[in-house]
Every structure is written in structure tokens, then in C-alpha cells.
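See structure below.
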Amino acid sequence: MAVSPGQRFDRYSVEELIGEGGMGRVYRAFDTRLQRPVALKVLHPIGGDEGESVATALREARAAAAIAHPNATAVYDASEIDGTAFIAMELVAGTSLRALIGGPPVPLSTRLRWLVDVAAALGAAHRMGVVHRDVKPENVMVRHDGLVKVLDFGVARRTVIDAADTEGSAPGPRPSPSGHPSGARIAGTPAYMAPEQVRGEDIDGRADQFAWGVLGYELLTGRLPWKTARDVVGFIAAVVSEEPAAPGTVVSGIPPAVDAAIVRALAKNPAHRFPTMAAAAAELAPSTGTSLSVAAVAPVPLTDTEQASARALDLAPPATVVAAPPPSLPGGEDRAPRPPSRVATTEGGLAPFTRPSGSWSLPDLSQPSSRRPPLTPPRSPREAPREGQPSSSGRVPFPDARPRPPPSRPRRPFGPGFHEPDFEGEVDLEAQVALLPSDATCKGMFCLDILQQASRVTTEGEVFRLAQLPERRYVAFRDYPLAENMRLTVAAARALYPRYPLGEGLRRVGQTMFDAVLATHIGRALFGILGRDVEPILLTGPKAFKVMLNLGKVTAEKTSFRTFTFHAKGFPAFLETFQIGVLEGVLRYCGERGRIRIALEDLGTGVVELRLL
């Protein structure tokens, strides 16, 4: 059933379109039965997985209708008529916090009262089992009478991220030209999402508290807490890994208790945040001239002066505003695509994907290489194990019953000049581990993938034994020592490819790493939006892997037509073997062919030149 201004939609007389978001269009309408104006949100009529999203939105909107709080926008109805799903909500006239941030000066006490009222609305929702999931300035209104209203309870949209968003555009929802969502979708707005929300984990009210902390930081300082983020990938990386400075270090005059409350709300670990929104609001209340009980938070009454100030802020006639799509984050208006010479830089990113030199396409790993013997067939039970010989470091490579790989020849000397990656040269694990900084870490997802690969030929316990590490269980997004991951990777490479030199085994293990990243929720959020376009994947790679790896500095630059250059510094993580395999996995994923050359100054510093064919 089509809905358009000037028409009747069941009992609603549709007047005008006032906004459009990722999940639907919002109209000003009049409820002829109850004789009151409403905001009518008509959800996009789509099927498949998105159809399930619409059904979920309706269920959550019905749950949100039970929220009875003066600071929460009321939900009047949520249903479906002739295949068209809709939600009727309270029509709020006023100004959004987005318009007030950076606008006319507002007293600090007033801004804190707004935050306390937002916390009160969220607390009421949480007590009803409703998590907002999209708390941000665009979803908070200050009515012309000064009352704060939180919009979109139970109707939090799924952010639509297009490939263009990865290069400088705002991280908010964006409808496709057809009016339907397109691209990858994540529930929420990246700059305000809690780390557990970004990772796709189960969330509770503490995720809203994190977003409230970001909103509070922005309201108090005029900017987001993420210093380095400029696009969607940057915001996701910052939310997961960046520790923001206290608001009081950005602007003066913020009470220490307020400073501490905002910092606590922004804790990466949900357990370190406030147990409830009431507890968070109680920390701010004394600075507004009001004391609050932690047990319950009611709206903070505005003084006559503050009500007049709020009315004065509404410079234009009161606008009818509902959950319309955010204009953008501060300074985040839509930008034209950057020229091809853009540079993506990160501290601690994984070496972006690189390729072997010469005209080539990815080998079919199911067929034997023309230069190397075929893969080892399954081991016969009659084969007797042979003990490994200790290396010069005293670490036993590993006792194995399979044929020994051919001895590695000495690796090519370091020095200027490009050459083909050397997969047959010696790989000195201990020398690379010795160069790692003490705080070098990676996410457990990489260790889990290594163990899963090796499980094709051996047990997890055997891999740990071969790596001479104690057995442990990994959690995908917890940080673990990178040295531990490197030892597991070497053990897996030797177990999986015993007839090949270690460098070739590491390369082949690396070829599956990109697939492993794409299999995760955050990997799909970071790379799934790029489709199979190899250029944005290459340029985004260093920044994206900052979320998952804390090591060194990597930059990626497009230097000419279909030619890319990667600079790695302080990155001793198998640059010439494993990282080349990672790139080959990207090539396979994108259906590309290419040529690679590499020049290493030392084990952790070098330049990779990649030319697509």
C-alpha cells in the first residue's frame, strides 16, 4: 500500500514528508480517530533478511510502547496494513541536540540537565527491557518549552554503509537512490556504538550508556572523543581501541565528577561502566544543582531562566522533527570521492595485502606447484615419528612423523632494491619475536583461525605442543601476545605443509587469513561494504587492521594507475611470507591478478610494490 502526502493511510491523514532514514520514511500525519498529530514512520517494504529486520522493528516498537516517561518519545501504534509496516509515534517539535552542538552558547548546567534527562529516559527503557542501540544527538530533541525528548525507542535503524563512506563521509545511515537500504548494515551509528556492539556481541543497557557517554562528551566539548577517526572504518577502530582523553582536558570548567562520569561511561569493558543509567545520572546531578537518588531518576525540572534560554535557542519557528536521517557528524557532510592518490595510514595495522612479482594468477593449491613437490598425502599410521632437532635458540621445531621439508637456503641479504618475495629462504622465528615490542598484541580471532586450519591434520593440543606453548582457550576479540600467535602460526605451517620450506608454508597459511576476517561480524562491517573491489580493500586494509592488531606502522598509497605501494615500519611479522599470503587471499577473493616486488631494510621494515594486471 503506497503512502504519500495528501492521501489517507488507514486512520491517518498523511500531511507531509519530514524525514527519511535507513529503515523508512517519516511523515507528519493526523490521527483522525484520536484527533492528534503523529509522526508516522513507514518502513521500507523489503523481503529476505531485511524483512526479518522490519518484523523485529515492529516487535521492538510494541515493546517500547510500554515505556512511560516524559523524556521518552511515546510510541502509539506499530502494525502492518496491506503489506506496509508502520509505526505511529509522538510528534516532537523542537531542536535536535545536533543543531545545538556548536550553536549558540548554552550554560554548562543546562547541558548537564539535558544529559541527566536523556539518562532518565534510557533508564526507563532499560527497566522495560528495551535497549535503544542508536543514542546520538540526532535522536535527542529539546522542545521549544525546554523538555528533552529521546526519539526512536525500539526503532533503532540499521546503519547503511556504502563504499564511499570509507573515505571521509559521515558514518550515518544513508538511503540508496532507489529509496531502499543497500550495502553492509550494522545496528547503530559507528561513532556512538559500544565496542561490544561493533563486535556483534549480545548487548544490554550498558551499550546505550557508552553511546550516552559519547553524546555527553560531544555536548560538553563540541567534538567527538575519537581524535583520529575520519570515516566509518576509523570510527570503528577508535571505538574498539582508542582511549579518549577526559573532557576536562579539552575544555576547562568541567567539574571533576562530571569528567570522571563521562570517562567511566566510555569504558571499553561493559563491566567497568555504571551498573545503571540512574547511577550515571546521579554523578552529574549535583553539578546541575539537583541531587538524585540512584534508585530512580526523574526528569530534572528546568528553571524559568533555562526554559527561556531553551526557547531562545529555537531561533526558527519550531520545526517538526522526528527520527530523520542525521545530516552528518560535525564537519562530516558528504564529500566527493578522493582522487586515486589517497593514502591510508595507521599505527599498528597489519601489513596490507601484497603480491608476488611476475605475471601470475593465484595457484590452485589443490594441484602441485611446477617448482615444488606435491602436497603430502595423509600420514600412514605405520610411519614412525622422528624427533626434531633443537634450533640454535634451544627451541625444538617439532617432533613429526611426516617427511622433513627441504633445508631452507640462507635468505637474501637485506638492502636496497626490489626483488621477488623469497618463500624458500630461511625464516628465523626467534629473531622476529625478539624485535616485537612488549605490548604487541593481536585479537584472539587470529589464533582461533590458526588452530582451526591446523585441525585438518592434527589436534589443538598437538599444535600447542609443537609451538611449545601452554594450552588455552581464545576469545575472538580479546587481546593476546602477538609472539604467541606467531609461534602458533609457525607450528601450523609446519604441520599443514611439511614438505615445503617454512616460508612457503607461512605464505599458504596467510592466504586464508582474509577469509577468516570476513567471517567475523566486524570483518564484514569493515570489508563487506567494499564488495570485491580490490582498490578500496588495499587502501583500507592498514586502517581496518588497526582494530585487530597492535604493532608498528603501515601506510598504503596508490602511486599510479593500478599500482600500490605499502610501507611497513616496526612490523616484524613475517613480512616476506605470511603477509604476502594475506594479499594473495585478497586477490583470490577479488578475482584479480597482479605482480609484486619487495625491498626489506630489516625483518620489520620494508616497502612492497604491487601492480595489478
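Please treat every number below as a calculation from the coordinates, not as lab data. Keep in mind that what you see is a predicted model, and the values were worked out from it rather than measured. Every residue, glycine as well, gets a Cβ built from its backbone with ideal geometry; the counts of neighbours run over all protein chains shown.
Distance from the C-alpha centroid of segment 425-444 to that of segment 498-566: 18 Å, rounded to the whole angstrom.
Go ahead and collect, in residue order, the members of segment 224-244 whose backbone nitrogen is under 20 Å from a label point 7 Å along the Cα-Cβ direction of D202. Nothing falls inside the zone, counting backbone N under 20 Å.
A simple spin-label model places the labels of D82 and K553 6.3 nm from each other, with each point 7 Å out along Cα-to-Cβ. Taking the radius of gyration and the Kirkwood hydrodynamic radius from Cα positions alone, what is the Rg/Rh ratio for segment 71-111, to two decimal places? Ratio value, two decimals: 1.23.
Go ahead and run the numbers for FRET between R524 and Q35, Cβ-Cβ distance against an R0 of 56 Å, rounding to 0.05. Could the numbers behind the result be given before it?
Details: r = 47 Å, r/R0 = 0.84.
That pair, R524 with Q35, gives E of 0.75.
Express in nm, to one decimal, how much length is gained between E460 and A271 on full extension, taking 0.36 nm for each residue of separation and deducting their alpha carbon distance. Write out the running numbers ahead of the final one.
Details: separation 189, 0.36 × 189 = 68.04 nm, distance 3.10 nm.
Length gained between E460 and A271: 64.9 nm.
For A74, the residues whose modelled amide H falls within less than 5 Å of its own, excluding neighbours fewer than 5 places apart on the same chain, are E90.
Quick check: residue separation of A260 and D479 times 0.36 nm, minus the Cα distance between them. What number comes out in nm?
Details: separation 219, 0.36 × 219 = 78.84 nm, distance 2.55 nm.
Answer, rounded to one decimal: 76.3 nm.
Work out the FRET efficiency for D533 and T56 from their Cβ-Cβ distance, taking R0 = 45 Å, and round it to the nearest 0.05. Mind dumping the intermediate values first?
Details: r = 30 Å, r/R0 = 0.67.
Once rounded, the FRET efficiency stands at 0.90.
As a rough guide to protection, the peptides 498-505, 258-265, 4-11 ranked by mean Cβ packing within 10 Å, highest first, stand as 498-505, 258-265, 4-11. Note on segment 8-89: along the principal axes its Cα atoms extend 36, 29, 21 Å, ordered by decreasing extent. Across segment 57-63, coupling constants 3J(HN,Hα) worked out from phi with the 6.51/-1.76/1.60 Karplus curve, θ = phi - 60°, read 4, 5, 4, 5, 5, 5, 5 Hz, and Gly and Pro carry x.
Sequence-ordered 3J(HN,Hα) estimates for segment 474-488 from the Karplus curve with 6.51, -1.76 and 1.60 and θ = phi - 60° stand at 9, 10, 3, 10, 9, 7, 9, x, 5, 4, 5, 4, 5, 5, 4 Hz, glycine and proline given as x. Quick query: amide H of T441 versus all other amide H atoms, modeled in the peptide plane; which residues come in under 5 Å with a sequence gap of 5 or more or a different chain? Long-range HN contacts for T441: L482, N550. Holding the Cα-Cα limit at 31 Å, pick out from K41/K543; K227/K569; K41/K268 the pairs that are longer than that. Cα-Cα > 31 Å for K41/K543; K41/K268; rest within.
Taking 0.36 nm per residue of separation and subtracting the Cα-Cα distance, full extension of the segment from A431 to K227 would add 69.9 nm. 3J(HN,Hα) along segment 77-85: 7, 8, 7, 9, 10, 6, x, 10, 8 Hz, from the Karplus curve 6.51 cos²θ - 1.76 cosθ + 1.60 with θ = phi - 60°, whole Hz, x for Gly and Pro.
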